[in-house]
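The values are calculated or read from the model by the stated rules, or taken from the named source; none is laboratory data. Quick caveat: nothing in here was measured; it's all calculated off a predicted structure. Note: ideal-geometry Cβ built from the backbone for every residue, glycine included; neighbour counts use all protein chains shown. Each accessible area value is taken on the protein alone, full model and side chains, heavy atoms only, with ligands, DNA and RNA left out. Shrake-Rupley method; radii C 1.70, N 1.55, O 1.52, S 1.80 Å.
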Amino acid sequence: MPSPNGSARRSFALTGRSVVLDPLTHAVRRDIADIRLAEHVFAPHYVAPMERRIAVATVLCGDRDDGAVPIATLSKGDRFDVLDISGATAWGIAVKAGLVGYVAIAAIEGLSV
């Protein structure tokens, strides 16, 4: 179907339910998802990851709340794909560990509070 300016556009069809993915290993929340998952899940917003590196050893947590249980330890230099920043935490993908969670933004190169 052509767009209003006459150029062809790619169309998408919603043909069933979204796939349920594990939020520990797939970057999807109720409000946002990694753009690379757009063909698999429906989300109100999709974001492209910002590739960053861990500046100092830190923990990846499954929640942003104080006292959240750590799910992995990240080393200096590890890649962290940032998808969302809220307050003093960033949500994203610890690529080497293959896990999704929250990290203090102070521990990420190029980010500050």
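Tabulated data for the structure shown
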item: Residue 51/residue 30 FRET efficiency (R0 25 Å; Cβ-Cβ; nearest 0.05); result: 0.50
item: Inter-site label distance for residue 75 and residue 112 at 7 Å from Cα along Cβ, in nm; result: 2.8 nm
item: Spatial separation of Cα centroids for region 35-57 and region 60-98, in angstrom; result: 12 Å
item: Sequence-separation-based contact order of region 53-111, relative, with Cα cut under 8 Å and 6+ spacing, percent; result: 36 percent
item: Residue-level accessible surface for residue 69, protein heavy atoms, 1.4 Å, Å²; result: 110 Å²
item: Extension gain, residue 39 back to residue 66 (0.36 nm per residue minus Cα-Cα distance, nm); result: 6.4 nm
